[in-house]
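The values are calculated or read from the model by the stated rules, or taken from the named source; none is laboratory data. Being a predicted model, the structure only gives us computed values, none of them experimental. Cβ sites come from the backbone with ideal geometry, for glycine too, and all protein chains shown count toward neighbours.
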There are 2 protein chains.
Amino acid sequence: MKPQAPHCQSCQFKDSSLFKQCHIHELEELNESKCFNSYKKGQVIFHEGNRPLGIFCVYSGKVKVSRMGSDGKEQIIRLAKKGDTLGYRSLIDNTKYTASAIALDETEVCFIPAAEFNKLVDENVKVSTDLMKMLARALGDTQDKLIHLAMKPVRERLAEALLLLKSTYQEEGKTPFSISISREDLSSIVGTAKETVIRFLSEFKEDGIITTHGSEITILNPEKLVKISSMYD
Amino acid sequence: MKPQAPHCQSCQFKDSSLFKQCHIHELEELNESKCFNSYKKGQVIFHEGNRPLGIFCVYSGKVKVSRMGSDGKEQIIRLAKKGDTLGYRSLIDNTKYTASAIALDETEVCFIPAAEFNKLVDENVKVSTDLMKMLARALGDTQDKLIHLAMKPVRERLAEALLLLKSTYQEEGKTPFSISISREDLSSIVGTAKETVIRFLSEFKEDGIITTHGSEITILNPEKLVKISSMYD
DNA sequence: TTCAAAAACTGATAAAACTCATATTTTCCG
DNA sequence: CGGAAAATATGAGTTTTATCAGTTTTTGAA
């Protein structure tokens with residue numbers, strides 16, 4: 001029933017992923033060494049503290065990358081979607097994973113062993129340049145998150161988080177945008193308590209900005225969210 | 001009176017900076033194109049919103065990299081010391097500076113034009129590999145900051161900030177560590193209000209962990225700071 | 001369909017940190 | 001050295017957000 005992984009040469013992300021600059025023979029080699037895997041909602045793709053053995057390419061689904069505090073509180077560092085690369089930072093830095101990657105949906109992922117990845121980066125300058133730009137962009141994004149966490153109140157950060165979910169996961173033309181996400185996960189993106197998230201979501205509902213059905217949130221008025229999120233920019 | 005910049009070939013950081021893997025002829029070329037500058041305390045080295053024209057190498061002094069909120073609140077993203085590279089993220093990402101670099105002391109900096117930097121990165125794989133690792137490490141550091149900001153209370157973050165200052169700026173053998181830093185800057189590292197910083201510093205003083213003379217803070221008991229900073233790790 | 005578990009929601013209270021006001025000390029310029 | 005400006009320090013009161021306790025709704029499996 002589950003769709004098999006296509007060959008890298010015919011992968012729908014071959015022209016948009018980190019490997020878009022690869023030659024055909026490189027894609028073939030990639031295809032030989034890669035390993036396809038499925039994860040159910042909640043399953044761990046890689047775990048904080050483990051040594052990276054390669055990198056991951058998301059083929060379908062949604063993934064959260066997050067760290068746990070000792071008090072059980074979770075902070076989501078990044079959201080990944082199909083076509084995204086996971087786990088490259090630790091591999092390059094040659095350190096253990098500092099965060100875990102967990103499937104938010106039924107998710108399919110290709111694993112590329114470190115040896116193959118390193119070979120590719122060494123041999124293809126275009127790939128290594130793209131990788132560098134990816135790192136630079138990720139660094140910029142993380143700095144933005146840091147700034148907003150430090151400077152914006154929860155209401156604005158929540159508005160921003162909803163817009164992030166929309167810009168990350170909205171499919172072409174599917175309007176209005178809807179997503180099923182637990183209040184707990186949402187609070188881990190925003191960096192606050194789940195009750196606080198719920199309260200502000202209720203406020204957004206009263207203002208007609210969103211509606212909810214269970215854990216499903218529908219964004220009716222993204223413009224208002226933009227206005228709220230950038231109140232102090 | 002001011003010491004002149006030495007040639008890159010005999011720079012004291014030639015074996016520890018980003019350019020440690022350069023050949024002699026590359027260092028010579030670097031030396032030709034570089035431009036040496038001095039900055040007084042408070043002077044801007046590069047400014048948020050401007051386009052990067054190259055990268056900076058700190059030769060002496062201390063630099064803060066920070067962003068301003070519209071309400072005038074500042075968040076310090078990074079502290080740089082002699083031997084460190086500045087402004088590379090924006091250049092690689094080909095975006096405007098998202099933060100400003102400001103001298104915290106009398107500071108000397110070499111500027112390397114983008115063309116020269118890019119040429120070097122293109123031609124010397126070792127340099128580009130090191131640059132990639134630098135980005136990966138910076139990303140890891142920033143993620144750590146994000147997590148701590150989200151999860152740790154101010155008291156712990158302040159202890160951490162003091163340890164960061166110590167690990168960044170303590171000179172070989174100079175014990176106990178002292179640094180002159182405004183409470184305002186310290187609060188911009190921690191991500192809190194300056195009064196809050198002052199209150200916890202007073203507490204640390206009462207506990208004999210630090211002493212202060214004006215804006216000079218001396219760390220008497222770093223071990224206690226470690227204990228405080230990792231209370232919930 | 002039903003029921004139990006999980007998740008969403010609501011309210012009350014407490015804690016952490018911010019703001020504002022003001023006193024005191026330090027800095028540094030003339 | 002003197003004095004004004006800046007920075008540090010402290011106190012009181014307020015705001016924001018967290019925590020805890022409980023209710024209602026949703027979900028998913030028997």
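If you filter the range B:159-185 down to residues that are hydrophobic (A, V, I, L, M, F, W, C) and within 13 Å of the chain's Cα centre (by Cα), you find that the one that is nearest to DNA strand C (Cβ to nearest atom) is B:Ala161.
Cβ-Cβ contacts under 8 Å between residues 6 or more apart (or on different chains), taken from a first residue in the range A:150-163 that is under 21 Å from B:Pro153 (Cβ atoms) to a second residue that is within 12 Å of DNA strand C (Cβ to nearest atom) and of a type in the set (Ser, Thr, Tyr), are listed as A:Met151/A:Tyr232; A:Lys152/A:Tyr232; A:Val154/A:Thr196.
Scanning the range A:141-160 for residues that are aliphatic (A, V, I, L, M) and under 13 Å from B:Ala99 (Cα atoms) yields A:Leu146, A:Ile147.
Each row is one residue, and each column tells you yes or no for (1) closer than 23 Å to A:Leu139 by Cβ; (2) of a type outside the set (D, E, K, R).
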| position | (1), (2) |
| --- | --- |
| A:Glu28 | no, no |
| A:Gly54 | yes, yes |
| A:Gly61 | no, yes |
| A:Ser66 | yes, yes |
| A:Gly69 | yes, yes |
| A:Leu86 | yes, yes |
| A:Leu91 | yes, yes |
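Scanning the range A:95-114 for residues that are more than 8 Å from every other protein chain (Cβ to nearest Cβ) and free of Cβ contacts under 8 Å to residues at least 60 places away in the same chain yields a count of 4. Would you say B:Leu165 is at pLDDT 95 or above, closer than 18 Å to A:Leu135 by Cβ and either touching a Pro at 6+ places or on another chain (Cβ under 9 Å) or surrounded by 18 or more Cβ atoms within 10 Å (Cβ to Cβ) (or both)? No.
Would you check if B:Ile198 is aliphatic (A, V, I, L, M), within 15 Å of DNA strand C (Cβ to nearest atom) and part of a strand (DSSP E or B)? So B:Ile198 does not fit the description; no.
Working only within the range B:132-153, note down all residues that are of a type in the set (A, V, I, L, M) and within 7 Å of another protein chain (Cβ to nearest Cβ). Those that are of a type in the set (A, V, I, L, M) and within 7 Å of another protein chain (Cβ to nearest Cβ): B:Met132, B:Leu135, B:Ala136, B:Ala138, B:Leu139, B:Leu146, B:Ile147, B:Leu149, B:Ala150, B:Met151. Being farther than 14 Å from A:Ile76 by Cα, more than 16 Å from DNA strand D (Cβ to nearest atom) and in contact with a strand residue (DSSP E or B) (Cβ under 8 Å, 6 or more places away or on another chain) is the filter here; which residues of the range A:164-219 pass it? Matches in the range A:164-219: A:Lys166, A:Thr168, A:Tyr169, A:Gln170, A:Pro176, A:Phe177, A:Ile209, A:Ile219.
Within the range A:120-143, how many residues turn out to be among the basic types (Lys, Arg) and in contact (Cβ under 8 Å) with a residue 12 or more places away in the chain?
Residues of the range A:120-143 among the basic types (Lys, Arg): A:126, A:133, A:137.
Applying the additional criterion that residues be in contact (Cβ under 8 Å) with a residue 12 or more places away in the chain yields A:126.
Within the range A:120-143, residues that are among the basic types (Lys, Arg) and in contact (Cβ under 8 Å) with a residue 12 or more places away in the chain number 1.
Taking every residue in the range A:187-199 that is at pLDDT 95 or above and pairing it with any residue that is more than 8 Å from DNA strand D (Cβ to nearest atom) and small (Gly, Ala, Ser), at least 6 positions away or on another chain, the pairs with Cβ-Cβ distances below 7 Å are A:Ser188/A:Ser66; A:Ile189/A:Ala161; A:Val190/A:Ala161; A:Gly191/B:Ala150.
Residues that are over 29 Å from B:Lys152 (Cβ atoms) and surrounded by 15 or more Cβ atoms within 10 Å (Cβ to Cβ) within the range A:181-215 comprise A:Ile209, A:Ile210, A:Thr212, listed in sequence order.
Here is the figure for the range A:29-46: residues that are part of a loop (DSSP other than H, G, I, E, B), farther than 21 Å from A:Asn118 by Cα and not polar (S, T, N, Q) total 3. Within the range B:55-72, residues that are facing chain A (nearest Cβ under 10 Å) and buried (at least 22 other Cβ atoms within 10 Å of the Cβ) have Cβ atoms under 9 Å from residues that are of a type in the set (D, E, K, R) and in a strand (DSSP E or B) in these pairs: B:Val65/B:Arg78, counting only partners at least 6 apart in sequence or on another chain. Would it be correct to say that B:Gln43 is in contact (Cβ under 8 Å) with a residue 24 or more places away in the chain and among the polar types (S, T, N, Q)? For B:Gln43, the condition - in contact (Cβ under 8 Å) with a residue 24 or more places away in the chain and among the polar types (S, T, N, Q) - is met.
Within the range B:20-40, restricting attention to residues that are surrounded by 12 or more Cβ atoms within 10 Å (Cβ to Cβ), out of contact with any His (no Cβ under 9 Å at 6 or more places or on another chain) and of a type in the set (D, E, K, R), the residue that is farthest from B:Asp122 (Cα to Cα) is B:Lys34.
Of everything in the range A:145-182, what is assigned to a helix (DSSP H, G or I), of a type in the set (Gly, Ala, Ser) and over 30 Å from A:Leu120 (Cβ atoms)? Give them in sequence order. Please lay out each step first, then the result.
Initially, the range A:145-182 is screened for residues assigned to a helix (DSSP H, G or I), giving A:145-151, A:154-169.
Now narrow it down to the ones that are of a type in the set (Gly, Ala, Ser): A:150, A:159, A:161, A:167.
Answer for the range A:145-182, where residues must be assigned to a helix (DSSP H, G or I), of a type in the set (Gly, Ala, Ser) and over 30 Å from A:Leu120 (Cβ atoms): A:Ala150, A:Ala159, A:Ala161.
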